[in-house]
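Undergrad: To start, I am sharing the structure in question, which I have written as structure tokens.
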Amino acid sequence: MHCKAKLIFLILLLVPAVTFCIDKKKQKLIVPGRWREVVRMLPDSTVQSFTDTLFIAFQRKDSFSFHHRNGFIYEGIYLLSEDSILDMGSVRYKVVARKPNLLVLTNAKGIFHFDVDLSDTAQIIVIKKEDSARPVTHIDMMIGRWTVYKRTADGPMKIDQSDNIRSVYVTGASTDGKLGYIYSGTDADNYPSWHITELGGGQSLVCAGKNPRTLKVLRCQDGEMILEEDGMKYFLKQPK
């Protein structure tokens, strides 16, 4: 009886700890739903006026879509790290509050409060299939600044932001031999990790820098570019 009582006492001690772990894990999940930006502040909490309301929708299987009012709809798979960093490809936020009727996100630009979105604001935008892409025969066809808005992968999604592509700046021919620059998710605007050396055979961007890499150009037309590397596809748009 003494051993049995001791066992029951240990179980009672462990139950709160197990419950806490389960609850803590649940707190890391983002429940599917639609959100509408209602308050925008600078990092110092100064409230800002705005007209380009941000709408975010979280769907099942970690997929998302977001757009500013009357803007392009960005879609993809989001990642949520252990320290509540929400990565949606082209943007990242720190999740500081998740309640049934309130979502609060922060990043270097400011603090953003969201309420449940009951409106119907989504625009249907059809992206042409990759098999309709025209050949990219010269680097000048790619000149411009490009920003990643979606990533997909054949297998597990890469979560290393120092390797994932955030943006591409194609300059064309220059005196230093660099045709453009590739930025990772951790690069400063004036310090890209890679530069483009050539548009090589097989319609591929050959890059040098932190490490050699080759990016297959699947599409570059109508303001959209799609790059592929080791089963990872990067979808990019040119900011308007």
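Read-outs throughout are calculated quantities, based only on the coordinates presented, and are distinct from any laboratory measurement. These numbers come from a predicted model, not from an experiment. Cβ placement follows ideal geometry from the backbone for every residue including glycine, while neighbour counts extend to all protein chains displayed.
Undergrad: Mind sorting MET41, MET142 by how few other Cβ atoms lie within 10 Å of their own Cβ, fewest first?
TA: Details: MET41 15, MET142 21.
The most exposed by this proxy come first: MET41, MET142.
Undergrad: Check SER204: other-chain or 5+ apart residues with amide H under 5 Å from its amide H, H built from backbone geometry?
TA: Correct list: VAL217.
Undergrad: Lysine pairs in region 130-237 with alpha-carbon atoms under 20 Å apart, 8 or more places apart or on different chains: how many are there?
TA: Lysine pairs satisfying the spacing and distance rule in region 130-237 number 11.
Undergrad: Something else now. Tell me, LYS94, LYS109 in order of fewest to most beta-carbon neighbours within 10 Å? Display every interim value, and only then the final one.
TA: Numbers: LYS94 15, LYS109 12.
Starting with the residue having the fewest Cβ neighbours, the order is LYS109, LYS94.
Undergrad: Can you sort ARG60, ARG34, ARG145 by how many other beta carbons sit within 10 Å, fewest first?
TA: Values: ARG60 6, ARG34 18, ARG145 15.
With the fewest neighbours first, ARG60, ARG34, ARG145 line up as ARG60, ARG145, ARG34.
Undergrad: Given a Förster radius of 41 Å and the C-beta distance between LYS94 and ASP154 as r, what FRET efficiency does 1/(1 + (r/R0)^6) yield to the nearest 0.05?
TA: On the way: r = 29 Å, r/R0 = 0.72.
For R0 = 41 Å, the calculated efficiency reads 0.90.
Undergrad: Taking the Cα atoms of region 130-237, report the difference between the largest and smallest coordinate on each principal axis, in whole Å and largest first.
TA: Extents along the principal axes, in whole Å: 37, 35, 22.
Undergrad: Run the quick spin-label model on VAL39 and GLU198: label points 7 Å from Cα toward the beta carbon, then report their separation in nm to one decimal.
TA: Between VAL39 and GLU198, the label points sit 5.7 nm apart.
Undergrad: Could you give the radius of gyration (one decimal) and Dmax (whole number) of the Cα atoms in region 33-116, in Å?
TA: Reported Rg and Dmax, both Å: 12.2, 36.
Undergrad: With each pseudo-label sitting 7 Å past Cα toward Cβ, what's the LEU118-TYR191 distance in nm, one decimal?
TA: 4.9
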